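Encoded as structure tokens, the structure appears first; notes follow it.
Computed from the coordinates by the stated procedures, all read-outs in this text should not be read as laboratory data. Just so it is clear, the structure is predicted and the values come from calculations on it, not from any experiment. Here the Cβ positions follow ideal geometry from the backbone for every residue, glycine too, while neighbour counts run over all protein chains shown.
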Amino acid sequence: GQNIDQPTEMTATEGAIVQINCTYQTSGFNGLFWYQQHAGEAPTFLSYNVLDGLEEKGRFSSFLSRSKGYSYLLLKELQMKDSASYLCAVLTGGGNKLTFGTGTQLKVEL
Amino acid sequence: ETGVTQTPRHLVMGMTNKKSLKCEQHLGHNAMYWYKQSAKKPLELMFVYSLEERVENNSVPSRFSPECPNSSHLFLHLHTLQPEDSALYLCASSQDTISGGNEQFFGPGTRLTVL
């Protein structure tokens, strides 16, 4: 089966940096997505990693280590609007099976 | 209309009813998806369509029946549902399928309640 683990909740301070980890044990691997979901809204795409290393996109960066089954999402210069759930999802099965973690609820405080 | 739209936004139905959810994308994308989001559970990918062909069915019960008449429209036909099927049903689209890491754009969802 597929197993994806993320912390349930995290709290951080405005202006700070936070790292949200995701570990996975899956049958096969075709890539890893991160999504952001604000309460009551649909998810929005943040990043996709398929090769090892760091992908940077503005204040958000995503890292992947395939050998360790590990990814993280790094958020810099936190803003109040970054308070949301962050979903890690792994692509398997030839590329069209997407399995999600339960999400990490991030709360940004003053 | 822009982006991905879904109708209705809210639906209440009995277990013996038949209803359909509609999704329309105005982005010129080739791939469309249905997701289920239940409280306290991970988001679940139900169906994947590419160029109107179903390319993935993630062990979804037959009481959920998808239909993709063209690359802009996606339906989810519902019949004899169970109370545990109550959830937010999200539609999404992407330029090509997620197998290439394509960015998905989600609709606002239909909140379904089965009595």
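In the range B:71-115, which residues are on the phi > 0 side of the Ramachandran plot and away from chain A (no Cβ under 14 Å)?
Answer for the range B:71-115, where residues must be on the phi > 0 side of the Ramachandran plot and away from chain A (no Cβ under 14 Å): just B:T80.
Run down A:E77, A:E109, A:E56 and say which single residue is farther than 25 Å from B:N58 by Cα, more than 12 Å from chain B (Cβ to nearest Cβ) and without any contact (Cβ under 8 Å) to a residue 40 or more places away in the chain. Working first, answer last.
Numbers: A:E77 fails: without any contact (Cβ under 8 Å) to a residue 40 or more places away in the chain; A:E109 fails: without any contact (Cβ under 8 Å) to a residue 40 or more places away in the chain.
Result of the check over A:E77, A:E109, A:E56: A:E56.
So which of A:L54, A:L73, A:L106 ends up being of a type outside the set (F, W, Y), within 15 Å of the chain's Cα centre (by Cα) and closer than 29 Å to B:M32 by Cβ?
Testing whether each residue is of a type outside the set (F, W, Y), within 15 Å of the chain's Cα centre (by Cα) and closer than 29 Å to B:M32 by Cβ leaves just A:L73.
Mind counting the residues in the range A:10-53 that are exposed (fewer than 14 other Cβ atoms within 10 Å of the Cβ) and either on the phi > 0 side of the Ramachandran plot or within 13 Å of chain B (Cβ to nearest Cβ) (or both)?
8
Restricting the first residue to the range A:16-30 and requiring it to be hydrophobic (A, V, I, L, M, F, W, C), which pairs with a second residue that is surrounded by fewer than 18 Cβ atoms within 10 Å (Cβ to Cβ) meet a Cβ separation below 6 Å and a spacing of at least six or different chains?
Once the first residue is hydrophobic (A, V, I, L, M, F, W, C) and sits in the range A:16-30, its partners that are surrounded by fewer than 18 Cβ atoms within 10 Å (Cβ to Cβ) give A:I17/A:K76.
Out of everything in the range B:30-51 that is polar (S, T, N, Q) and at the interface with chain A (Cβ under 9 Å from one of its Cβ atoms), what residue ends up being surrounded by the most Cβ atoms within 10 Å (Cβ to Cβ)? Please lay out each step first, then the result.
Narrowing the range B:30-51 to residues polar (S, T, N, Q): B:30, B:37-38, B:50.
Subsequent filtering for residues that are at the interface with chain A (Cβ under 9 Å from one of its Cβ atoms) retains B:37, B:50.
Numbers: B:Q37: 18, B:S50: 21.
Among them, the one singled out is B:S50.
A:L98 is checked against (1) closer than 24 Å to B:K41 by Cβ; (2) surrounded by fewer than 22 Cβ atoms within 10 Å (Cβ to Cβ) and fails just one. What number does that condition carry?
Condition not satisfied by A:L98: (2).
If I ask for residues that are outside any loop (DSSP other than H, G, I, E, B) and of a type in the set (D, E), which ones from the range B:1-56 would you list? It would help to see each step written out before you state the result.
To start, the set of residues in the range B:1-56 that are outside any loop (DSSP other than H, G, I, E, B) comprises B:4-7, B:10-13, B:18-25, B:31-37, B:44-50, B:53-56.
Residues satisfying the conditions are B:E24, B:E44, B:E53, B:E56.
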